[in-house]
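The values are calculated or read from the model by the stated rules, or taken from the named source; none is laboratory data. The shown structure was predicted, so the numbers you read here are calculated from the model rather than taken from an experiment. Cβ coordinates were reconstructed from backbone atoms using ideal geometry, including for glycine residues, and neighbour counts include every protein chain displayed.
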Amino acid sequence: MNHKKTGKNVVSGVIGLMFITAVAVWQFYQFVTFKNADGVVDLQGGTYHLWWAIGLGLIAFIAALLFFSVFLRYDRNDELHITSPS
């Protein structure tokens, strides 16, 4: 039963991480293709899209780092040390 919960947590974590990353990429795309009122690409405008992209990118990076650090320690409780009592 614990494995089912862990599997659901992994899948939901990966989906959430992919969603945050997709929104960050979309915000960066909005920044790159930002156009002014005349329809011309404006490199100085849309900086709030850039800040959203940077912020969401940092959140995605930190979440991925924490997610994989926890995922790689999944069997830490199953370790058997030589000095531990039987």
Is it fair to say VAL11 is of a type in the set (A, V, I, L, M, F, W, C), free of Cβ contacts under 8 Å to residues at least 24 places away in the same chain and part of a helix (DSSP H, G or I)? yes
Would you call LEU43 at pLDDT 90 or above and not hydroxyl-bearing (Ser, Thr, Tyr)? no
Among the numbered criteria (1) modelled with pLDDT of 85 or more; (2) exposed (fewer than 12 other Cβ atoms within 10 Å of the Cβ), which one does ALA63 miss? (2)
Picked from the stretch 15-38 (must be more than 16 Å from HIS49 (Cβ to Cβ) and at pLDDT 90 or above), the residue surrounded by the most Cβ atoms within 10 Å (Cβ to Cβ) is LEU17
